[in-house]
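K.L.:
Here it is, the structure, as structure tokens.
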Amino acid sequence: MRNEKTKLSDAQEQEFRAWYNGYATITGMNPNPDAPQHYYDYRGWWKTGDIPSIEELMRNPDVHGDSRFKMPGHPRQFVQSVLGALDTTTGKIVDKSVLKKFAPQEEF
């Protein structure tokens, strides 16, 4: 789980902003990568280089970002699995009771 968002150099930030602008436009996301409702480090994902190009996004706008870049409070950090609750940021199974704490709107 990440607690701080990735910092970029000025040049990297410009490249990131150009990519994120296209990403947000195509996917219908908030155009502000730092919007608090994201709970996601888009700069960290971008910096890996393992991001979809704008052309790929146009073919498949439902792309899913790398779960390692979810921030604390992300609504899909924990998902139900056969073995308990899967922490999507670490890939580890945790006690199922965490689902009620972090996803109280759902029945488990």
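The values are calculated or read from the model by the stated rules, or taken from the named source; none is laboratory data. These numbers were taken from a predicted model, which means no experiment stands behind them. Ideal geometry is used to build each Cβ from the backbone, glycine not excepted, and the neighbour counts take in all protein chains shown.
K.L.:
Which pairs turn up if I take residues in region 49-72 that are within 18 Å of L86 (Cβ to Cβ) and look for partners that are of a type in the set (S, T, N, Q) and modelled with pLDDT of 85 or more with beta carbon separation below 8 Å, at least 6 apart in sequence or on another chain?
P.N.:
That search, which allows pairs on different chains as well, returns D66/T48.
K.L.:
Give me the residue from region 48-95 that is in a loop (DSSP other than H, G, I, E, B) and of a type in the set (A, V, I, L, M, F, W, C) and, out of that set, modelled with the highest pLDDT.
P.N.:
Of everything passing the filter in region 48-95, I51 is modelled with the highest pLDDT.
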